Amino acid sequence: MSIKHVSQLYGINVRTIAGACIGVLMASYASADSTTVKLKDGKAYEVETVRGLPIRFANDQIRVRDLGASASFTPGKANAAFVWVLVADLIATGQFEVTVSTPLDSSASAALKATGPGKIMLHFFSQTDYPLIWEGIDQPGVHWFPFHFVFEDKQSKSRFEFTQWAQMDYSTWKEMRDLNEQMKEQYFKK
């Protein structure tokens, strides 16, 4: 193969790869949409979504990896409590006091701590302690859960905040609950 053919082949491969990358990027932007969500208090919100799921918040201080429900087992207790869990890459440096609130229950507030930079996992609003937030999750349909996070570093006084939505449908909730029951039987088996 001559040099001319190699350079032509290289040029074709670069164009093909560049074209594929542009196509993927355009598809991801094209699939971004918004969904109108009406909460039980009657207020409507526009939620940015991709393929029907809430977009994960990201900026130069934090990048949300996931927000969802999880079962939390406590040694010595037969029942597991479901809690909300935020998993994120905290890019900002500091020791942050994190306040979580939600319009699903105006009296609900959680005070947590996070240290950055690094991966963080914050557990908050258990189903047993905050039933209003979880209300209706065991009913058919798609359910939406907004949580507002405020990160404040007491030493530097830096602060940032964002709202992250979670969405769960009844079938996913039922699968989680059934799996929790199976795990509970195995975990507490004598």
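The values are calculated or read from the model by the stated rules, or taken from the named source; none is laboratory data. It should be emphasised that the depicted structure is a prediction, and the values quoted were computed from it without experimental measurement. With ideal geometry, Cβ positions are generated from the backbone for all residues, glycine too; neighbour counts draw on all protein chains shown.
Quick rundown of the values:
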quantity	calculated
Residues within segment 44-69 that are in a loop (DSSP other than H, G, I, E, B) and at pLDDT 95 or above, tallied	6
Matching entry among 106, 171, 158 (being surrounded by fewer than 19 Cβ atoms within 10 Å (Cβ to Cβ) and within 25 Å of residue 51 (Cα to Cα))	171
Residue in segment 79-92 that is in the same structural domain as residue 47 (by TED's automatic domain parsing), aromatic (Phe, Trp, Tyr) and in contact with a Pro (Cβ under 7 Å, 6 or more places away or on another chain) present	no
Residue under evaluation residue 136, criteria (1) within 14 Å of the chain's Cα centre (by Cα); (2) on the phi > 0 side of the Ramachandran plot, criterion not met	(1)
Selection count, segment 70-92, where residues are part of a strand (DSSP E or B) and modelled with pLDDT under 80	1
Among residues of segment 102-147, those that are within 20 Å of residue 88 (Cα to Cα) and free of Cβ contacts under 8 Å to residues at least 60 places away in the same chain, counted	19
Pairs, first over 21 Å from residue 103 (Cα atoms) and touching a residue at least 40 places away in the same chain (Cβ under 8 Å) in segment 45-63, second surrounded by 13 or more Cβ atoms within 10 Å (Cβ to Cβ) and among the charged types (D, E, K, R), C-beta under 9 Å, six or more apart	62/89
Inter-residue pairs, beta-carbon under 7 Å, first in the same structural domain as residue 59 (by TED's automatic domain parsing) and at positive phi and in segment 154-169, second surrounded by fewer than 16 Cβ atoms within 10 Å (Cβ to Cβ) and in a strand (DSSP E or B), 6+ apart	none
Candidate set from segment 81-128 (those that are among the acidic types (Asp, Glu) and touching a strand residue (DSSP E or B) at 6+ places or on another chain (Cβ under 8 Å)); member that is nearest to residue 148 (Cα to Cα)	97
Members of segment 148-172 found to be under 19 Å from residue 89 (Cβ atoms) and of a type in the set (Phe, Trp, Tyr), listed by number	149, 151, 160, 162, 165
Test: residue 80 is closer than 30 Å to residue 157 by Cα, surrounded by 14 or more Cβ atoms within 10 Å (Cβ to Cβ), more than 17 Å from the chain's Cα centre (by Cα) and not β-branched (Val, Ile, Thr)	no
Residue within segment 82-100 that is farther than 21 Å from residue 170 by Cβ, hydroxyl-bearing (Ser, Thr, Tyr) and touching a residue at least 24 places away in the same chain (Cβ under 8 Å) present	yes
